[in-house]
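First, the structure itself, so that you have it in front of you.
The values are calculated or read from the model by the stated rules, or taken from the named source; none is laboratory data. If you're wondering where the values come from, they're calculated on a predicted model, not measured in any experiment. Virtual Cβ from ideal backbone geometry, glycine too; neighbours counted across all protein chains shown.
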Amino acid sequence: MGNMSGSHQDDSDSDIFDVDGISGEMLNENYLVFIFRQLVNRYGDLQVLSTDDEEQMFHNPRLPVIKKKPSLDILHKSEIYQSVGQASGYRANKNHEEVKSSLMSMLAQRQNCGPFKRSIKANINNLFLPTSSKHLKHLGAKVFCGVYSKDGNYFVTAAQDSSIRVFDASTPNYRPINSIQGKHVSWCLLDLNFSHNNEWYVYSTWSDCLHINRLDGSDTDVKCLSLNPELQRFATFSSTFSNCGKEIIAGCNDSCVYVYNVEADRRSLRVEVTEGADVNCVGFLNDTSDIFFSGTDDGIIKVWDKRCLNEDDPQPAGILVGHYDGVTFIDSRNDGRYLISNSKDQSIKLWDLRVFSPKEAEQTALQKYSNASWDYRWDKIPKKYYNMTKCMDGDTSVISYRGHRIQKTLIRARFSPQATTGQRYIYTGCGTGRLVIYDMLTVKMGVTLCWKNFPKLFFGLILLISLGITQINASEDEERLVRDLFRGYNKLIRPVQNMTQKVDVRFGLAFVQLINVNEKNQIMKSNVWLRLVWSDYQLQWDEADYGGIGVLRLPPDKVWKPDIVLFNNADGNYEVRYKSNVLIYPNGEVLWVPPAIYQSSCTIDVTYFPFDQQTCIMKFGSWTFNGDQVSLALYNNKNFVDLSDYWKSGTWDIIEVPAYLNVYEGNHPTETDITFYIIIRRKTLFYTVNLILPTVLISFLCVLVFYLPAEAGEKVTLGISILLSLVVFLLLVSKILPPTSLVLPLIAKYLLFTFIMNTVSILVTVVIINWNFRGPRTHRMPMWIRTVFLHYLPAMLLMKRPRKTRLRWMMEMPGMSVPPHPNSSYGSPSEIPKHIGGMGGGAKQSKMEVMELSDMHHPNCRMSKKLTPGGDLGVGDPCRRESESSDSILLSPEASKATEAVEFIAEHLRNEDLYIQTREDWKYVAMWDSYVNIVSPFRETETREQRNSKRFRSDNRSEDSDDDDDSEPRPPLRRSKRIAQQRCNVSASEIH
């Protein structure tokens, strides 16, 4: 540089920064380009090939030269042409010819302290594509896959010797971290990809399983995920993680795509893509993980939507047809719209997913696939594929890139990095070791690279290194800041300058959701956000030195962090599962807010269930550090849980959430922890409607059993049905509440009391039914029952006895009595009850009653009113009739028979009334037993109903037969009177 600027030889520093002076000395800007290019190429054995070198070294002279140029009209009108052009600093005139940017003006702008725009940085990177590499390590086997992690910190290779090697890409020398021997590897490892959080990687091979392992090398055991295929000779050609990390998608040789759920540890979906064609590549369209694509050997790309996918009849959301042979690789731009595909027909196509091919085009592609007569593994590419001028029917691709001419197939094609190149380029590799870079905007081969002493490299391993993928997620200042901060940083040591110092950690809790409270197992499941703040003196910087960077976001495994865990954890996961990024500020303050779902132990007090209030605690503290090493404090001095982001629960209300810092100074060393109290109250509407109200209503039904008449015959059945209902509710409560013996819930006590009450009511009902159906022929009523139930209880309850029968009405008339009958249930006069004792006034009154009864029927049908000394009428004994005095009326034989019939009927009516009266006394006793068990609100209603039933039975009582006292009906009383009157009239007519 000094020879080209002679006037400035004495002041070299001034020459370097005086860009205007340099520009005056340079006759042509190509000198500056030459200098930069020499600086880039001073290391490594990679060289840029000219057209002649390329043709001599790698191309068979018999291969045709591509002469046809594709039409760029569709590309110039597309959205990707504009977006990529702006992101990469590409400028074009009206004829779409590139306008070169002046490098001198860019440097002059930078000299005047003007910041470089992202597009300008990308433009500079595009002017000087990397053309150098460094020999890292000889692996001793063919490498089929080499992939960077998402953050660019790891580089992993998969070789044919079944070895997976992990390198630290954050260091210039790519330090080896781990080497793992693959499981169930047949022939070679075919594909390898990373999870979104860079914790896991998955590889594919000839096996019926997917294989995953941790990227950091902490676990050397490879985990196998079985796909359970139907094909015996089975291989997974491509596999990748979803962006959420919960699923893995794989393309296999049985023409199917498999989706494996990592959390459930099972295959969740199997989609048959096509029949008889291998699925070579799969991937997700964007970060949503809902839409994925597949490329098969028939040259068809299919796009699938998992949200509406049926395994029995899978239908793609759309198809892309245009390749004349199998699709080997697909790369998405991750914008949900554009992707590129690489094919065995030596073409790369750019697709717009908003324009699918028609369904009829699928048959055309399948026909061409079935008619194919060559195999890329050992046959040469047909010449017609090099200068393809006619597109296939249904080809909706934006543009096709051709020119990477080889005798065998292309392997992979990818978009260049967004941060460094604006995704302007497409690079591809092949089995010959050549790396070809296409300019996506001009559809030209920008650079063709090759290694002089090349071993066979597959899938573009060195290509990824040469394009600098490690810078995809970081700008220059941020990368320099990270490099300076972590130079010599040890995350295993507490960030203190003196070991006697302690790290002050401010800890807080944000309660987001109360997921569930399991009363039976006494576990509370909650969704919370932890908030941890501490200071790390090693992570301080001056913002002015690093482009004004005010915050740095890094994975938490890069820095030291306190081991704060939940002490009363109930599921074994004491720490957070999702490792969110830490925020580092220039003053060295580190903020970490990881989300977590905890299951914590919670003592449940079920005394007043479901009107209960529970207090659950969450106790956090350091697991290994004592209070002299890590001191805990409340976040922002808030002695409560943050509920600003709380989602209300449908089962519980949060009443209060205090927080307390506990310091145990009596112990040595000092211990500290923070306890959060979650005081919650149950919402009772659900339990009131479904548990409380039914049990209360059932308890009322227990009382209503006594209101049911005994003649209904369903009293015991109703009581047993209520008892079974109570058993069901007891089982329901026992399933909800924990099986503790410390306390008995109030609702359980209530159900138990109702259960016992219902049992007693069934026993009492049995006694009532027994008393109700007693009669004078089977039972004798004890005096104490008559006294208690017929005299005292009615007076105590202010109740009146139901309507009297005809016999009781006649007994209460003056001068009326009823003698005992030999056929009655009372054997002697002494056995006649007192309430009918007034009926034993002698035969005279009885005969008088008969005479009065005969007078009522007919005035001429009269009997002698003279009574015998014994009190009997002289109509029953012939001897007595002959000795009667002359004042007695002598009756004819017909009149005597009529008189005897009348007397017989009168005695029958008296016996029937006596029988009915005894039955009614037993029923009356049973009725009072029922009334004692009925609550007062039902007393008046029961009395009214009982009166009506008594009146109905008194008016409709049937005549009891001599053979069966209850089974045969008895004629009513009015009918007996009517028969007696007819007989008396007949006898009187005969006398006259």
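Is it true that Leu225 is in contact with a Ser or Thr (Cβ under 8 Å, 6 or more places away or on another chain), surrounded by 18 or more Cβ atoms within 10 Å (Cβ to Cβ) and touching a residue at least 40 places away in the same chain (Cβ under 8 Å)?
For Leu225, the condition - in contact with a Ser or Thr (Cβ under 8 Å, 6 or more places away or on another chain), surrounded by 18 or more Cβ atoms within 10 Å (Cβ to Cβ) and touching a residue at least 40 places away in the same chain (Cβ under 8 Å) - is not met.
Counting just the residues of the stretch 647-695 that are assigned to a strand (DSSP E or B) and among the hydroxyl-bearing types (Ser, Thr, Tyr), which one comes out surrounded by the most Cβ atoms within 10 Å (Cβ to Cβ)?
Thr672
Any residue at all in the stretch 558-571 that's hydrophobic (A, V, I, L, M, F, W, C) and touching a helix residue (DSSP H, G or I) at 6+ places or on another chain (Cβ under 9 Å)? Talk me through it step by step, then tell me what you get.
Filtering the stretch 558-571 for residues hydrophobic (A, V, I, L, M, F, W, C) gives 559-560, 564-567, 570.
From what is left, the residues that are touching a helix residue (DSSP H, G or I) at 6+ places or on another chain (Cβ under 9 Å) are none.
No, that holds for no residue.
Identify, please: which residue in the stretch 581-601 is part of a loop (DSSP other than H, G, I, E, B) and more than 19 Å from Gly548 (Cα to Cα) and is, among those, farthest from the chain's Cα centre (by Cα)?
Here the answer is Asn581.
On to the next question. Identify, please: which residue in the stretch 410-442 is among the β-branched types (Val, Ile, Thr) and modelled with pLDDT under 75 and is, among those, surrounded by the fewest Cβ atoms within 10 Å (Cβ to Cβ)?
Top of the filtered list is Thr432.
Taking Ser204 as the residue in question, decide whether it is at pLDDT 80 or above, of a type in the set (S, T, N, Q) and either touching an Asp or Glu at 6+ places or on another chain (Cβ under 6 Å) or not in a loop (DSSP other than H, G, I, E, B) (or both).
It is true that Ser204 is at pLDDT 80 or above, of a type in the set (S, T, N, Q) and either touching an Asp or Glu at 6+ places or on another chain (Cβ under 6 Å) or not in a loop (DSSP other than H, G, I, E, B) (or both).
Any chance you could count how many residues in the stretch 562-577 are in a loop (DSSP other than H, G, I, E, B), without any contact (Cβ under 8 Å) to a residue 60 or more places away in the chain and not acidic (Asp, Glu)?
7
I've got another one for you. Determine which single condition Pro669 fails, assuming it passes every other condition in (1) under 29 Å from Pro745 (Cα atoms); (2) in the same structural domain as Ser600 (by TED's automatic domain parsing).
(1)
Okay, next question. Which of the residues belonging to the stretch 334-355 are crowded, with 20+ Cβ neighbours inside 10 Å and within 40 Å of the chain's Cα centre (by Cα)?
Hits for the stretch 334-355 are Tyr338, Leu339, Ile340, Ser341, Trp351, Leu353.
Does any residue in the stretch 590-601 that is in the same structural domain as Gln513 (by TED's automatic domain parsing) come within less than 8 Å, Cβ to Cβ, of a residue that is among the acidic types (Asp, Glu) and modelled with pLDDT of 90 or more six or more places away or on a different chain, and which pairs are these?
Val590/Asp536
OK, next. For the stretch 484-498, check the following and say yes or no: at least one residue is at pLDDT below 65, over 26 Å from Asn153 (Cα atoms) and of a type in the set (A, V, I, L, M). First the steps, then the outcome.
Our first condition is that a residue be at pLDDT below 65; within the stretch 484-498, this holds for none.
Checked the stretch 484-498: no residue is at pLDDT below 65, over 26 Å from Asn153 (Cα atoms) and of a type in the set (A, V, I, L, M).
Given the criteria in contact (Cβ under 8 Å) with a residue 24 or more places away in the chain and either closer than 30 Å to Tyr578 by Cβ or touching a helix residue (DSSP H, G or I) at 6+ places or on another chain (Cβ under 9 Å) (or both), does Asp305 qualify?
On the way: in contact (Cβ under 8 Å) with a residue 24 or more places away in the chain: no; either closer than 30 Å to Tyr578 by Cβ or touching a helix residue (DSSP H, G or I) at 6+ places or on another chain (Cβ under 9 Å) (or both): yes.
Against the criterion (in contact (Cβ under 8 Å) with a residue 24 or more places away in the chain and either closer than 30 Å to Tyr578 by Cβ or touching a helix residue (DSSP H, G or I) at 6+ places or on another chain (Cβ under 9 Å) (or both)), Asp305 does not qualify.
For the stretch 696-744, give me each residue that is at pLDDT 85 or above and outside any helix (DSSP H, G or I).
none
Can you tell me which residue in the stretch 245-271 is modelled with the lowest pLDDT, limited to those that are in contact with an Asp or Glu (Cβ under 9 Å, 6 or more places away or on another chain), outside any strand (DSSP E or B) and over 13 Å from Leu210 (Cα atoms)?
Filtering first and then ranking leaves Gly245.
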